[in-house]
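Throughout, read-outs are computed from the coordinates displayed, never taken from laboratory work. Keep in mind the model is a prediction, meaning the values are calculated, not measured. As a convention, Cβ positions derive from the backbone with ideal geometry for all residues, glycine included, and neighbour counts pool all protein chains shown.
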């Protein structure tokens, strides 16, 4: 009878241990599922962020090319303006030279006295 009573006590203890372990397993399973869900959402966010970064890098590259093109056009415009200014000054100097009064020009004609 003592053995039977000890076995029953042991069975109760094991049942309590089993219930505690089952409860703990359920909590751990829920926590694991929540962690998997958070990981999945984090992976999705990371994927979206990577796509966004690639898009921004592409946009940056396009903007840099556009800026370089604008800088090149600006340089050409400055060069053209400088050429125009130089040409205008040369034309003005030539015009001043051509329109000087004839009296101020040196006379190269030889005078012949009769």
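Remarks
- GNM flexibility winner over the chain from 55, 47, 15 (Cα, springs under 10 Å): 15
- Computed E for residue 38/residue 16 - FRET, C-beta separation, R0 30 angstrom, nearest 0.05: 0.35
- If you wrap the Cα atoms of the range 2-87 in a convex hull and average its projected area over all directions, you get 7.8 nm².
- With respect to the chain, whose longest principal axis is taken over its alpha-carbon atoms, helix 2-98 is tilted by about 0°.
- Extending 7 Å from the Cα toward the beta-carbon at both residue 80 and residue 58 defines two label points whose distance is 3.3 nm.
- Between residue 65 and residue 91, the distance separating the two model label sites (each 7 Å from Cα on the Cα→Cβ line) works out to 3.9 nm.
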